[in-house]
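Structure first, then comments.
Values in this text are rule-based calculations from the coordinates and carry no lab data. Keep in mind that what you see is a predicted model, and the values were worked out from it rather than measured. Reconstructed Cβ throughout: ideal geometry from the backbone, glycine too, with neighbour counts over all protein chains shown.
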Amino acid sequence: MFRFILDVILSFIFFSSFVAKVISFGNFKYEVRGYKIMKLSNFRLLPILILSAEFALSILFLLPIKIEVFKECLGISFLIVLTILTIRKDGFSKECSCYGKNHLLSSFPIQRNIIFILIVTLSSFIHKVYVVDWFRSFLVFSIVLLVTLVLENIRQFQEVRKEG
């Protein structure tokens, strides 16, 4: 049960990051451009690939299939690459603008990613009894989707209220 809770938390982390970046796609593209890892002509694809990876990881953590620690290795690798790119770009800065102005996830990107890596690592050491229950996975993903959208709408409403 504890492993399932960690999987839901990890799915929520990747999905909320995906949603926040989609909502603030302009800022996210600007931030990715600052990594300077691709020529400008090839740049358009990179933000889409990062978003696709986050969305895929959010779904992968809820799939009721036995894939050993494959999803954890993918999640850790993804977070390590983003952490290295962030350090290379900004050093150990206290903020990034991937998620837009004044977003909770924009604070302490390196420390946040290290905590997420630790959570994913912890998850890989906890034995999970795999029960193929697609309905439960769909239901939980729907809940993750709704909670993420509600929290993002609340954040946007508060931001608009502060400005107005």
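The modelled label-to-label distance for the pair LYS162/ILE87, using points 7 Å beyond Cα in the direction of Cβ, is 3.0 nm.
When peptides 48-59, 5-16 are ranked by their average number of other Cβ atoms within 10 Å per residue, the highest-first order is 5-16, 48-59.
Sequentially through the range 25-34, phi angles give Karplus couplings (6.51, -1.76, 1.60; θ = phi - 60°) of 4, x, 4, 5, 4, 4, 5, 5, 4, x Hz, Gly and Pro residues having no value and appearing as x. From most to least packed by mean Cβ count within 10 Å, the peptides 70-77, 147-154 give 70-77, 147-154.
Backbone geometry of the range 141-147 corresponds, through the Karplus equation with coefficients 6.51, -1.76 and 1.60 at θ = phi - 60°, to 3J(HN,Hα) couplings of 5, 4, 5, 4, 4, 5, 4 Hz, x marking Gly and Pro.
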